[in-house]
Amino acid sequence: MKKIVWIMGILVISLIAKEAPASKPNNTQSVKAGEITTKDLHKLISDDVEEFYILDIREPDQIHHGEIFHLNLVSITRGYLEFKIEKAIPDKKAHIIVYCCSGQRGALATKTLQDMGYANVHNLKGGMRQWVDDGYPLDTVFGEMIVK
């Protein structure tokens, strides 16, 4: 009797294991968010033709390292995004470009904004790190700087 129970247990476990997914995808891999490259964002800023917002979702200690300068820069940490965005940017049709340090939180924030009804939201691909790696300037307390 014990052997039958033991064999049945092994069969149930093996069936469950076959139906379980092999691995969980990374959260940012499953997010389908619009992206913009650093080159395209720099062109938007330089051309100064289209009105848009840049949304910095980094933490305050990260912002002190520098930011991408734009007159319509809004800073809201990722943790407060859902609570503060509608007051900061009430127009759901506004063009918004989101960035963080690496682009991962930005992708999640972009998806969240899309789910909240914002229609024209893009994540800066690679985030602030890619911006710096590509040689674009940061606005710091010491003025505009290019990090090499």
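Where a number appears in this text, it was derived from the coordinates with a stated rule and is not lab data. Keep in mind that this is a model prediction, so the values were computed, not measured. Heads up, the Cβs are rebuilt from the backbone with ideal geometry, glycines too, and the neighbour counts pull from every protein chain shown.
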Within the set Lys39/Lys84; Lys43/Lys93; Lys87/Lys111, which residue pairs have Cα atoms separated by over 24 Å? Lys39/Lys84
Zone reached by a paramagnetic label modelled 7 Å from Asn72 Cα along Cα→Cβ, restricted to the range 37-59 with backbone N below 12 Å, covers 45, 48-55
Just the projected area, averaged over all directions, of the convex hull on the alpha carbon atoms of the range 25-145: how many nm²? 7.3 nm²
Given the range 30-148, what percent of its DSSP beta bridges are antiparallel, to the nearest 5? 25 percent
